[in-house]
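Nothing in this text is a laboratory measurement; each read-out follows from the coordinates by a stated rule. What you are looking at is a predicted structure, and each value in this text was computed from that prediction instead of being measured. When we count neighbours, we look across all protein chains shown, and the Cβ atoms used for this are built from the backbone with ideal geometry, even at glycine.
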Amino acid sequence: MNERKQILKIRNFAVSFNTSSGKLNAIRGVNFDLYQGETVAIVGESGSGKSVTVKAIMGIMSPNQVIDGGTIEFTYQDGKQGEKTVDILKLSQKQLRNEICGRRIAMVFQDPMTSLNPTLTIGRQLTEGMMYHFHTPKAEAYQRAEELLDLVGIHNAKDFLKSYPHQLSGGMRQRVVIAIALACNPDILICDEPTTALDVTIQAKILELIQDLQKKLNISVIYITHDLGVVAKVADYVNIMYAGKLVEKGTVNDIFYDPRHPYTWGLLSSMPDLDTLDTRLYTIPGTPPNLVNKVEGDAFAPRNPYALNIDLRMEPPFFKINGHHEVASWLAHPNAPKVEMPAALKARIEKMLREGENHG
Amino acid sequence: MWKYIAKRILIALGTLFFILFVLFILLSFMPGSPFNQLTLTAEQIAVLEAKYGLDKPLMIRFFIYVKNMLQGDFGVSYNIIADYPVIDLIGAKFWISAKLGLTATVVGTVLGLFLGLVASIKHNTWLDTGTTFLSVLGVSLPGYVFALALSYFIGFKMNLLPIVYSTKHPVSSLILPVLSMSMGPMAQIARYTRTEMLDVLGSDYMLLARTKGLSNRILFIRHALKNGLTPVITVLGPMLVSLMSGSMVVEQIFSVPGMGSLLVSAVQTNDYNVVLGVSFLYSLMFIVSMLVVDLLYGVIDPRISVSGGKKE
Amino acid sequence: MNTTQEDIVFLPNDFDPLGDRQDINADKTFADISMTHDIIKRFCRNKGAIISLAVILIIAVMSIIGPGMNQYSYSEMKTSFASLPPKVSALSGIGAFDGTENGKDMYALKGCDTDFWFGTDPLGRDLWTRLWTGTRVSLMIALIAAVGNMFIGIIYGLVSGYIGGKVDIVMQRIIEILNGIPSLVVMTLMVMVMRPGVGAIVVALLTTGWIGTARMVRGQTMKIREEEFVQASQTLGASTFRILFKDALPNIMSQIITMAMFSIPGAIFAESFLAFVGLGIPQPQPSLGILISEGYKSLTIHPHMLVIPVLVLSVLMLSFNLLADGLRDALDPKQKDQ
């Protein structure tokens, strides 16, 4: 592996929301790293805090949101000063807008049907970012918009630029949204469940497109998803998130072939699989904890069939499995009893490995 | 586009024809006669009815009326000013009502838009609460309550402004009527604007626009305003008409000699032709304003296809 | 996060499995709340709606028992005691309800030794009795109109939406024509045709008041007609009528009720409007509209004759609006206020 350049470094990030039923600790200390040109997926159930985390990277917060601590360090090339590292949480709204949003970090949202402004033409929405940040002349901006659309697979787009979002299909719209995100050559592209709202046939195409663009443009991508199928297809690294905390992180191979956290086991087991004989789809029992209440010990313990006594009183730290694989579970402690992953999952992984060998 | 407009106009004309028919039938069922002075004998009434063509069968009278109407003749008044053409009677009153209604609509719209925008931008602050309270009040209470309150306190007790309309003070004597009439529209528009703007401000496309790093001013003007305010146009036209037709009581309170008071006195004296003329004019304005709003909306909002489609 | 592994002091049984000592299938997060309970809870959280409901109930009760609370009737005239200001002897200390007008004790001047709590009108009728009788009349008109409009609207909308085709087109044209005439004008004409009276006013209110409900019911019916559960009951052999009432209606009942609620203040206003135009219910029966248009004539001399009925009318209309608002939010939290 050649020299990796870190561009995003989140440390001890904590966020809470003031709600009518009390203070909700949505993010409870998250460490997250992103290196140039790589794709990291954040996987978790809805409400686990993945969206809140990435939105904070762009400075998007709801009015009742409070940052309780942590840093989000972002390293980028500033034209004049060379390499520069800033803590996004310390920037003013204005700095954030002028320096970061759109220019260096861009985002693709879940639902392309609602994320385009219905009353502005595609051309206008594609060009306004460049025209605002770089003062690109209009003709040039439209020229570039055409190139961008070409890049995302919409060719001969001159007339297309004059159309309105409602005239396009969902897949087309998502391409436009991706083109908008790329308009100012960002370093980081955040994709918040970019394919959930699309037809299955189009999902694969959009994923391929994003992967393709990433290679061409050498950008870093953060994927937010609850779909492990997507993760297997696109990600280099995977972070599993549960109840506002990361519980396991590693490379795709670590997570898929050597998962260590019982929650990851649960997620993998609940992936539908045509080949397995077991007809019952596995679900993780129970529901995520209500984060208004203080979490004692391991948040996953109440749903964990492998929970230990210590899980009830102490939160597990990260244990290193190898150079790139870490897990926050007491099961990884040397004193812990040796617990094997569920047999069905094990069988499934072995089968995948065999298939991998056959194909490779 | 033109085909669509033509189709809409044809439909509107058809509707208007039927409305006229319904109004005509309704009035022919009116009890009593316009000629109800006690001094008149039965023969005299019969002569009068023959003179005005009231003795002919209903359908024939209707077609005569339509034929005359197309030539601008709405018949003559029986009682208010005997034998005076209805069209001239209305014409004199129409402008003052239109002036009153239009001014109140403009004042109400401007104030309402302002309040609605402020409330949506300052969502969940005391400004928002205050605006909401004001608009609940304005939506709930009829215009004449404001008219009574204003004329009593500002006009009578404080003696600041005239409480009776007079041609000598055409501006100052219209302030109170306009003010009391604009409360309803103001409240309605403020409420509507607030909801629409909150919807827009919380939308996904606003979020996407924010991630582009645009300034708040551009975000607000280019992305939010147009989407938030377009729907408000739909309420304007019908509002103007209902304001004019609903102003009867306010016109009475301030003695404004408008269409409202004309209709009231026509109702009270069984002056059928005048009642018919005024009612038809109201309907005409109503239909026309809805047509205009429809077409205007099609021009402003690209989602509405000119072939008559609806919002997705 | 900062705990290093050396800091931790482990207990001897720390690494024993919990095993069956916890029920991992327990769902602790959400309590089991029934839908009705949920609606009531949401409604109760809305203070404005609760206060409005209380105010409406108080006014309604007063309109029932109020007229019987003193010895006067609403039509009994005592011309010698005409236009007396309000007087409640028990409250004479507070500066109002002391029977004075412009500093003069009108009761002493006219030689009246009994109290008229809300004063008398120019014909010497007791305004307390007239007010509550009038409120009762106005409320009755509004309620009957609201319920009537609801029924007409539901049936018209169901028929139009469910049968569809030509019937629907004709029915929609009829609505368009009725809707093309401003509703106050329609009402004025209807009352003129039928001669003023409670019945005429109710019928006038029923002429166009149902259109909104009918449109909504039609739209929903057309939507629901295509939905699977209705088609399912159809394949199971349910009759059209049964489907309409059992499957389509409950889905939109909350919206219909809210709409009916919103129509009540409109009906109260329409009654007062007709009274003002001179088409109110005939003498000597009072209604809020009649009281207001009578009181208006002596606004500058005896403001109490106007102020009290206007206040009751305003409070009623405001309360019904707030109640309807609260009801809508409680029944359907997704619906936005317009």
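So the values come out like this:
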read-out	value
Additional length obtainable on full extension of the chain from B:Ala6 to B:Ser255, 0.36 nm per residue less Cα span	85.5 nm
Longest segment of chain A lacking GluC sites (Glu not before Pro) that sit in a DSSP loop with at most 14 other Cβ atoms within 10 Å	A:4-295
21 Å Cα-Cα threshold exceeded, pairs from A:Lys55/A:Lys205; A:Lys50/A:Lys249; A:Lys138/A:Lys215; B:Lys51/B:Lys93; A:Lys9/A:Lys84; A:Lys55/A:Lys94	A:Lys55/A:Lys205; A:Lys138/A:Lys215; B:Lys51/B:Lys93
Separation in nanometres of the label points that stand 7 Å from Cα toward Cβ, at B:Ile64 and C:Leu331	5.1 nm
Calculated SAXS-style log₁₀ I(q)/I(0) at q = 0.08, 0.11, 0.13 Å⁻¹ - the range B:89-259, Debye, Cα scatterers	-0.30, -0.53, -0.68
The range A:1-140, dipole about Cα centre (Lys/Arg Cβ +1, Asp/Glu Cβ -1), debye to the nearest 20	260 debye
Most mobile listed residue (B:Leu207, B:Leu284, B:Leu100) in chain B, GNM with C-alpha springs under 10 Å	B:Leu207
Charge dipole (the range A:118-183, unit charges on Cβ, about Cα centre) - positive-most of A:Leu168, A:Leu148, A:Ala181	A:Leu168
Per-selection Rg to Rh, the range A:197-346 - Cα, Kirkwood hydrodynamic radius	0.99
Longest segment of chain B lacking trypsin sites (Lys or Arg not before Pro) that sit in a DSSP loop with at most 14 other Cβ atoms within 10 Å	B:169-309
Positive dipole terminus of the protein assembly as shown, leading residue within C:Ile56, C:Ser73, B:Val249 (C-beta point charges)	B:Val249
Segments C:306-312, B:139-145 sorted - mean Cβ within 10 Å per residue, highest first	B:139-145, C:306-312
For B:Met244, C:Met253, A:Met271, C:Met261, order by how many other beta-carbon atoms lie within 10 Å, fewest first	C:Met253, A:Met271, C:Met261, B:Met244
Estimated dipole of the protein assembly as shown in Debye, rounded to 20 [Cβ of Lys and Arg +1, of Asp and Glu -1, Cα centre]	2080 debye
Radius 12 Å from Cβ of A:Glu99, net charge of other residues (Lys, Arg +1; Asp, Glu -1)	+3
Pairs of Cα atoms farther than 47 Å apart, the protein assembly as shown, %	45 percent
Beta bridges per DSSP with both ends in the range A:49-190, % antiparallel, nearest 5	60 percent
Candidate lysines - alpha carbon under 23 Å from B:Lys3, same-chain residues fewer than 8 apart omitted	B:Lys310, B:Lys311
Inter-label distance for C:Gln231 and A:Asn185, nm, one decimal - labels placed 7 Å from Cα along Cα-to-Cβ	5.3 nm
Rg to Rh quotient for the range B:1-154, alpha carbon positions, Kirkwood Rh	1.15
Average projected area [Cα convex hull, the range A:152-250], square nanometres	7.5 nm²
Rg and Dmax of chain A, Cα atoms only, in Å	21.5, 68
Antiparallel DSSP beta bridges within chain A, as percent of all bridges there, nearest 5	65 percent
Percent of beta bridges antiparallel (DSSP, the protein assembly as shown, rounded to nearest 5)	70 percent
Neighbour-count ranking [beta-carbon atoms within 10 angstrom, fewest first] of C:Met190, B:Met59	B:Met59, C:Met190
Given charges at beta-carbon only (K, R positive; D, E negative), |dipole| of chain B in Debye	1140 debye
Net charge of Cβ neighbours under 12 Å - reference C:Gln172; Lys, Arg +1; Asp, Glu -1	+2
Peptide-level mean, for C:170-181, of C-beta atoms on other protein chains within 10 Å	5
Selected from B:Leu13, A:Pro259, A:Cys191, residue furthest toward positive end of dipole (the protein assembly as shown; charges at beta carbon)	B:Leu13
Cα centroid separation, the range B:54-73 to the range A:39-99 (Å)	76 Å
The range B:206-234 versus the range C:128-178: alpha-carbon centroid distance in Å	40 Å
Counting all C-alpha pairs of the range A:118-183, share separated by more than 19 Å (%)	20 percent
Cα coordinate range in the range A:59-115, projected on the principal axes (Å, largest first)	39, 29, 17
Efficiency of FRET between B:Leu284 and C:Val167 - r from beta-carbon atoms, R0 22 angstrom, step 0.05	0.15
Local electrostatic count at B:Ile64 - Lys and Arg +1, Asp and Glu -1, tallied over other residues with Cβ under 15 Å	+1
